[in-house]
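Here, each number is a calculation from the coordinates, and none is a lab measurement. Note that the structure is predicted; figures quoted are calculated from it, not measured. Here the Cβ positions follow ideal geometry from the backbone for every residue, glycine too, while neighbour counts run over all protein chains shown.
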Ligand code: FES
């Protein structure tokens, strides 16, 4: 694994031991998840115990320790989206991509995730792809939505 980006990110923060969280966030953006090798490298570069870095990585649910796809498809399963058909939209996404919630396609293109309310209930059912909102999604629109990212 090429860890050059890890060196650059840690250097960007001036090897600041207090910037671990920001460093981990930047690494997740760069690799789309937190590779174990990257966590080891941060520990080495900052001369901090590996356990200290790992505990931050596992404490925050926004960090993913498993590889994620190039495109993150997030389905809101909050109450408003749920009653407006989010479960059907999720099923259609799972059928189209041939994976379940939390999984990544074999070609590494897509990962499906679910979240609770993101505060845009009027747009329900809401699907986000790489953070871009797609509101009032109908099951018939799922294929078209995905094709824009294939
Ligand atoms: S329930 Fe989905 S945005 Fe609020």
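Taking 20 °C and 1.002 mPa s as the conditions, I'd like the Stokes-Einstein D for the chain in µm²/s, using the Kirkwood hydrodynamic radius from alpha carbon pairs.
Answer from the Stokes-Einstein relation: 129 µm²/s.
Just to confirm the number: angle between the C-alpha axis of helix 50-59 and the first principal axis of the chain, 0 to 90 degrees, nearest 10?
20 degrees
When only Cα pairs under 8 Å and 6 or more residues apart are kept, what is the percent relative contact order across region 71-147?
Relative contact order comes out at 41 percent.
What is the helix-to-structure angle for 36-46, meaning the angle in degrees between its Cα long axis and the longest Cα principal axis of the chain, kept from 0 to 90 and rounded to the nearest 10?
40 degrees
Which order do 13, 31 fall in if you start with the one that has the fewest other Cβ atoms within 10 Å?
13, 31
Can you sort 33, 149 by how many other beta carbons sit within 10 Å, fewest first?
Ascending number of Cβ neighbours within 10 Å: 149, 33.
Taking the number of other C-beta atoms within 10 Å as the exposure measure, put 66, 104 in order starting with the fewest.
Arranged by neighbour count, lowest to highest, 66, 104 become 66, 104.
Take every Cα pair under 8 Å in the chain that's 6+ residues apart, average their separations, divide by the length, and report that relative contact order as a whole percent.
It rounds to 20 percent for the chain.
Name the residue, out of 101, 16, 138, whose mean-square fluctuation peaks in a Gaussian network model built on the chain with Cα pairs under 10 Å.
Ranking 101, 16, 138 by mean-square fluctuation puts 16 first.
Pick from 12, 41, 109: which residue has the top mean-square fluctuation in a GNM of the chain where Cα pairs under 10 Å get a spring?
12
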